[in-house]
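Shown next, in structure tokens, is the structure this report addresses.
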């Protein structure tokens, strides 16, 4: 990865996680993802965003790019539903970068 792309990804990561607390102790990436998806299906987009954001944090630690991509796509959809389009674009950008890796 070239340096400019690395700098862009650092910015994307900081923006995509801005305002979110660290995940609850003892919560696994899988549990956070599942809870986020359940909330999404129920139309609870704020709660879904919180849980999916925790899943992103935890998945980045494990290096599970495929699941990270799914979670980012779902979180982008949550952002779209509540009109937070810039955040949706950030997640889609990160998704595309993971896709290219």
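The values are calculated or read from the model by the stated rules, or taken from the named source; none is laboratory data. The shown structure was predicted, so the numbers you read here are calculated from the model rather than taken from an experiment. Ideal geometry is used to build each Cβ from the backbone, glycine not excepted, and the neighbour counts take in all protein chains shown.
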Condition (residue is modelled with pLDDT of 85 or more and part of a helix (DSSP H, G or I)) applied to segment 4-26: is it met by at least one residue?
no
I'd like to check something: does segment 87-100 contain any residue that is under 10 Å from the mean Cα position of the chain (by Cα), under 15 Å from residue 39 (Cβ atoms), without any contact (Cβ under 8 Å) to a residue 40 or more places away in the chain and buried (at least 16 other Cβ atoms within 10 Å of the Cβ)?
no
All but one of (1) surrounded by 15 or more Cβ atoms within 10 Å (Cβ to Cβ); (2) over 21 Å from residue 26 (Cα atoms); (3) in contact (Cβ under 8 Å) with a residue 12 or more places away in the chain hold for residue 46, so report the exception by its number.
(1)
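Taking residue 58 as the residue in question, decide whether it is touching a helix residue (DSSP H, G or I) at 6+ places or on another chain (Cβ under 8 Å), surrounded by 14 or more Cβ atoms within 10 Å (Cβ to Cβ), over 19 Å from residue 41 (Cα atoms) and modelled with pLDDT under 95.
Working: touching a helix residue (DSSP H, G or I) at 6+ places or on another chain (Cβ under 8 Å): yes; surrounded by 14 or more Cβ atoms within 10 Å (Cβ to Cβ): yes; over 19 Å from residue 41 (Cα atoms): yes; modelled with pLDDT under 95: yes.
Here the answer is yes, as residue 58 does meet what is asked.
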